[in-house]
């Protein structure tokens with residue numbers, strides 16, 4: 001399974017960074033997730049480690065005491081060469097509803113003009129993909145999704161907005177994603193997703209994990225309003241299925 | 001409970017921090033100056049994770065609605081209980097109706113107020129530390145009620161503690177960050193030969209440094225960041241991430257502050273000087 005060479009870097013007294021080749025690639029991500037699962041489920045099961053995967057790396061964090069880098073690096077190298085007797089993380093495809101109505105998609109016309117695509121074509125393109133979740137950061141539950149069709153690549157807004165509504169679905173560069181809470185932001189907003197990407201009231205506040213897939217589908221405004229209410233009272237049921245590579 | 005008559009500049013409730021959600025994008029939060037916060041909790045014989053109030057530069061005006069013991073630490077902001085000056089790292093018995101006020105900032109930047117057994121704001125995802133989008137409040141406002149339990153039976157073992165403050169220290173011990181090796185000799189020289197000034201862009205998320213160093217064109221994929229990470233922007237700006245800092249970033253992570261250095265910098269304010277020292 002360990003197809004790629006890794007480099008292990010010291011990252012202060014409480015963290016260690018494992019890096020894979022510097023590319024955004026599905027197979028690299030699989031390799032990272034499988035190794036991380038091996039560490040989590042087998043080798044570092046007992047201790048209080050936090051593991052943060054993102055694109056081509058995973059950072060292991062241990063706050064309770066300083067890490068002995070040399071010793072730990074040697075162990076990691078050994079473990080990486082092991083046969084990882086653990087199932088790879090099960091990957092889920094989440095189907096997320098998006099309303100592209102102008103009330104939410106406040107930049108849709110501007111994006112349409114700049115990309116020389118009709119709003120309908122933008123929506124069609126945006127909902128045509130299975131996006132891969134390569135990382136979560138910036139805000140609690142904020143997704144770094146890969147796999148945006150090249151036709152939808154558009155620079156950030158030159159003037160970021162002081163307030164972007166919660167649930168706003170945006171485009172920026174090679175990325176698309178959802179603002180999980182009201183926040184400042186510079187992405188071009190094309191719609192809104194009524195689903196909470198981060199909900200502190202739930203035992204698992206963020207249902208999605210790095211390695212999962214996201215598929216957007218278009219909904220009408222009336223459906224958006226309904227789903228939002230259903231989500232607020234906790235009865236909305238997300239559609240999902242297991243991903244098979 | 002504690003009644004907030006005036007909130008002060010930026011007052012929050014903080015404990016050790018929120019563990020276990022970094023992979024969901026939730027920063028650790030928690031008290032900025034762990035050194036001072038742990039000391040005040042220790043003097044009160046509090047549990048390790050007891051929540052304290054963190055006060056930034058300008059203190060609040062607070063009314064105690066139940067008897068307890070308190071202890072102040074960190075920055076000295078001319079605190080008075082019922083108009084009588086009280087000093088840091090000394091146990092003070094408070095009665096119902098007592099009023100705590102703050103005055104002029106003497107030294108440091110962040111002060112701590114602890115009560116016996118800690119403040120009892122709601123625990124969200126394992127921590128009471130205020131954080132936007134996680135806890136209902138992200139800072140204390142006028143009129144807030146902050147719960148704590150009455151305690152009259154406490155028998156302190158020690159009444160005061162001598163604490164050598166870190167306020168005069170300007171040297172920040174650092175180890176190389178993951179992208180340290182990408183730095184040129186010239187950039188390294190700027191980094192260690194010269195000191196830096198804390199810019200007015202400083203808060204619980206990050207401290208930006210005023211002076212720039214020669215920039216770069218390094219492009220890297222977004223990866224995890226930590227409190228104490230020194231990020232290096234292409235233009236040459238240095239950003240020291242703090243406890244509320246985002247959990248991932250795309251700028252090279254050139255240095256990592258030691259735990260002591262984090263405690264030192266969190267007591268610095270706009271215009272203060274710091275200097276990096278490589279620890280080996």
Dimensions of the stretch A:1-64 along principal axes (Cα, Å, largest first)?
33, 24, 16
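Please compute the average number of Cβ atoms from other chains found within 10 Å of each residue's Cβ in peptide B:174-181.
Rounded to a whole number, the mean comes out at 4.
Rounded, prolate or oblate for the stretch A:92-242? Axes are the square roots of the Cα gyration tensor eigenvalues, ordered a ≥ b ≥ c, and the cut-off for rounded is a/c under 1.5. Don't skip to the end; give the middle numbers.
Details: a/c = 1.43, a/b = 1.37, b/c = 1.04.
Here the stretch A:92-242 falls in the rounded category.
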Expressed as a whole-number percentage, the relative contact order of the stretch B:2-146 with C-alpha contacts under 8 angstrom and at least six residues apart is 35 percent
Roughly how many whole Å is it from the C-alpha centroid of the stretch A:38-74 to that of the stretch A:189-245?
30 Å
Pop the C-beta distance of residue B:162 and residue B:84 into the FRET formula with R0 = 25 Å and round what comes out to the nearest 0.05.
0.70
Averaged over A:140-146, number of beta-carbon atoms from partner chains that fall within 10 Å
4
Rounded to the nearest 500, what is chain B's calculated 222 nm mean residue ellipticity when only DSSP H runs of at least 4 contribute -39500 (n - 2.57) each, over all residues?
-2500 deg cm²/dmol
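Tell me, what is the percent relative contact order of chain A, built from C-alpha pairs under 8 Å that lie six or more residues apart? Can you show the working numbers first?
Working: 470 pairs, mean separation 51.2, N = 245.
Relative contact order comes out at 21 percent.
Which percent, nearest 5, of DSSP beta bridges in the protein assembly as shown are antiparallel?
90 percent
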Can you tell me the 0 to 90 degree angle between the C-alpha axis of helix A:26-38 and the longest principal axis of chain A, rounded to 10?
50 degrees
What is the antiparallel percent of DSSP beta bridges lying wholly in chain B, to the nearest 5?
90 percent
From other protein chains only, count the Cβ atoms within 10 Å of every residue's Cβ in B:258-267, then give the mean.
1
Degrees, to the nearest 10: B:34-43 long Cα axis against longest axis of chain B:
20 degrees
Report the relative contact order of the stretch B:171-278, percent, no decimals, based on alpha-carbon pairs under 8 angstrom and at least 6 residues apart.
41 percent
Determine the percent antiparallel among the DSSP beta bridges restricted to the stretch B:2-146, to the nearest 5.
95 percent
So the angle from the long Cα axis of helix A:69-81 to the longest Cα principal axis of chain A, reported in degrees to the nearest 10, equals 80 degrees
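Taken together, the values in this text are just the output of simple stated rules run on the coordinates, not laboratory data. It should be emphasised that the depicted structure is a prediction, and the values quoted were computed from it without experimental measurement. Because the Cβ atoms are built from the backbone with ideal geometry, glycine has one as well, and the counts that use them run over all protein chains shown.
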